[in-house]
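Structure, as structure tokens:
The values are calculated or read from the model by the stated rules, or taken from the named source; none is laboratory data. What you see is a predicted model, and the numbers here were worked out from it, not measured in a lab. Every residue, glycine among them, receives a Cβ derived from its backbone with ideal geometry; neighbour counts consider all protein chains shown. Just the protein is used for accessible areas: all its heavy atoms, side chains included, with ligands, DNA and RNA removed. Shrake-Rupley method; radii C 1.70, N 1.55, O 1.52, S 1.80 Å.
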Amino acid sequence: MFPNSSNLGRPPFPPKYQQQNTFFTKLPLNIPPTLLSHQQIIVPPFNFRAPPAVTPVVTLQPVAYGSVSPVSRSDAVTSFQGRKRQSQQGVPNDAKRQRIHSRDSDTAVVNPAVPLPEERRCSFPASISVQSPVLRAPCSPALVGCVPPLQDTLFPDPTDARLPVANDKLSQQILELFQACRQQVSDLDRKELCRTELQREIQLIFPQSRLFLVGSSLNGFGTRTSDGDLCLVVKEEPVNQKTEARRILSLVQKLFSTKLCNYIERPQLIRAKVPIVKFRDKVRQVFNVDFDLNVNNMIGIRNTFLLRTYAFIENRVRPLVLVVKKWARFHEINDASRGTLSSYSLALMVLHYLQTLPEPILPSLQKNYPECFDPTMQLHLVHQAPRTIPPYISKNGSSLGDLLIGFFKYYATEFDWSHQIISVREAKAIARPDGVEWRNKFICVEEPFDGTNTARAVHEKQKFDMIRGEFTQAWRLLQEKKDLNCILPLKVAKHKR
């Protein structure tokens, strides 16, 4: 979830939608060639364009902002036509099917969240051939379509030698849970296909817009059931979330409910502080994953790549974040819409703990590399900036098990909840200022870019006491038994993914 979406409702969805296979007959011709790698063409494709006989009639006029000129649709659609599948004609169908459905398929390919070369990942929108003050500053490089935010040479395939060594029982349990539940290549590919198709449809009413896949799907901390967070950028400047953003999302919801009704399930406009359209893609059924689409949440895009960098500069970070999120969800303290902690706040809490150890495991990236995480940096440069940051070499050799126990101990006995703020930007606990954002708040977790409180959803003392009590109990049980099952039944956690 996004850090500023603490009040999101959760509309009921049926447990399983009966998938229709009539849409999987052919691959859309206008999918960019970067999506047609040998890993991606075997994912059942689809096309949002429904047959005329079942498509309700709706008139949605293109919307322009300021002096921005319309995008040439013909260039964007035809420039990728004519691409052919490569190296697939001789592959038996059974082999293709096995690669789609095998649980262990991730061991044969690059990990989904590992930064990928340009021909393998297209998580940012493709370039737009238009000179526009909104999407392109004077003399700035062209917007790029692919996102290799970190160099592959610095971060090799973690399925090989990049995972930490686990010599004790607790560390082995953490590592096994991480390997079982982390987001797979196929999961991210399906989300990316959805993003690509939705951007093409949304650009019919907002020609200059771009749709970004952000959040846990891309920052390295995603699981197989992580929400697909999408950010629609209509102009590279803030919009009023109460008025303009809601108007834009109302048009998007109308598009989803009419023209795309055969592919989008129950689109609902949630009028939170940062409004979203919540929906499901019922064509591919990405393990019943919800999609949340907001407008111009620039902070959500920037912190995606900040967290992504933290996730890959130290190989103990991702397993720790995943197990903490699983633990919090099992104990029902991982839902900002119900007054507890968001997954984003929990990830920041783990990073902060690793920064505050006597021998730190993580630095402050914003202090050490300010030019890479400039909050004023244009969006088309955000994913490129961290690519020169090398892995962080820490002298702290603590095991995953010891770090997990230390994490719970830190927040159960050491951190001063009443007078301190959890700050990843400063890499330390800082004194709580006397501002409206922090006054009379039970938990204070600083958003690294705009300085807001990402844990403001915890506004009831009863919920805070429950959260702190769970930290204390987890620390005591793990310290005594050194068994992850005593705080998180592994069979249940692996089953829920």
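Take the residues of the range 346-378 that are surrounded by fewer than 19 Cβ atoms within 10 Å (Cβ to Cβ) and aliphatic (A, V, I, L, M): which is farthest from ILE430 (Cα to Cα)? Here the residue is MET377. Is it true that LYS278 is closer than 18 Å to PHE178 by Cα and not in a loop (DSSP other than H, G, I, E, B)? For LYS278, the condition - closer than 18 Å to PHE178 by Cα and not in a loop (DSSP other than H, G, I, E, B) - is not met.
Screening the candidates ASP434, ASP465, ASP402 for the property of being at pLDDT below 95 and either of a type outside the set (Phe, Trp, Tyr) or under 21 Å from ASN368 (Cβ atoms) (or both) yields one hit, ASP434. For the range 249-270, the set of residues classified as within 21 Å of the chain's Cα centre (by Cα) and open to solvent by 50 Å² or more (accessible area, probe 1.4 Å) consists of GLN268 only. Does ILE422 satisfy the criteria of being in contact with a Leu (Cβ under 6 Å, 6 or more places away or on another chain), open to solvent by less than 60 Å² (accessible area, probe 1.4 Å) and modelled with pLDDT of 95 or more? No. Residue count for the range 402-423, restricted to those that are within 26 Å of the chain's Cα centre (by Cα) and in a helix (DSSP H, G or I): 5. Tell me, which residue of the range 234-248 that is in a loop (DSSP other than H, G, I, E, B) and out of contact with any strand residue (DSSP E or B) (no Cβ under 8 Å at 6 or more places or on another chain) is most open to solvent (accessible area, probe 1.4 Å)? This residue is LYS242.
Applying a threshold of 9 Å to beta carbon distances and a minimum spacing of six or more residues, or different chains, the list of pairs starting in the range 465-482 at a residue that is open to solvent by less than 90 Å² (accessible area, probe 1.4 Å) and ending at one that is of a type in the set (Phe, Trp, Tyr) and outside any helix (DSSP H, G or I) reads ASP465/PHE442; ILE467/PHE442.
Out of all the residues in the range 211-226, is one or more β-branched (Val, Ile, Thr), open to solvent by less than 10 Å² (accessible area, probe 1.4 Å) and without any contact (Cβ under 8 Å) to a residue 60 or more places away in the chain?
no
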